[in-house]
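Presented below is the structure to which this report refers.
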């Protein structure tokens, strides 16, 4: 478990992982801005709110040159159900062994209803075209998060 959170200017850890539609490799996204967001579980209320907010903002984000990629410990099959149910049109990465979340410090101890538990830490890391961290937000709230990301990146 990595407790070392990424900071602006750090190199973003490369990874290749399965999706519900094949696979995704961060190295293949060089030359683009990538919004990599980590969420605990598909089809839960907060994660659905967040995913639908990204879906609803996708045109504006893409117009500004950003690609959205969601990462969770869900299986590709569950991600396919999530995509279908919510009409999601961005990449959903399956990180069942939690290696990506650990590399990005998005897996670890967190507070859940007043208790300390180990799990996915709702986080967003924006990666620039050279593979460097442009923005790193940890322990974010699902509601209003996409609006905050857009504000921080200057996207109307």
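The values are calculated or read from the model by the stated rules, or taken from the named source; none is laboratory data. Just so it is clear, the model here is predicted, and its values are computed rather than measured. When we count neighbours, we look across all protein chains shown, and the Cβ atoms used for this are built from the backbone with ideal geometry, even at glycine.
General observations
- Listed conditions (1) at pLDDT 95 or above; (2) out of contact with any helix residue (DSSP H, G or I) (no Cβ under 6 Å at 6 or more places or on another chain) are all met by residue 92, apart from (2).
- When the stretch 46-70 is filtered for residues that are in contact with a strand residue (DSSP E or B) (Cβ under 6 Å, 6 or more places away or on another chain), touching a residue at least 40 places away in the same chain (Cβ under 8 Å) and outside any helix (DSSP H, G or I), the ones remaining, listed by number, are 66, 69.
- Residue in the stretch 6-17 that is exposed (fewer than 15 other Cβ atoms within 10 Å of the Cβ), closer than 16 Å to residue 140 by Cα, out of contact with any helix residue (DSSP H, G or I) (no Cβ under 9 Å at 6 or more places or on another chain) and modelled with pLDDT under 95 present: no
- Condition met for residue 128 (closer than 24 Å to residue 144 by Cα and in contact with a strand residue (DSSP E or B) (Cβ under 8 Å, 6 or more places away or on another chain)): yes
- Index of the failed condition, residue 155 passing every other in (1) farther than 20 Å from residue 42 by Cα; (2) out of contact with any helix residue (DSSP H, G or I) (no Cβ under 7 Å at 6 or more places or on another chain): (2)
- Screening the stretch 138-152 for residues that are buried (at least 16 other Cβ atoms within 10 Å of the Cβ) and touching a residue at least 40 places away in the same chain (Cβ under 8 Å) and picking the one that is farthest from residue 46 (Cα to Cα) gives 150.
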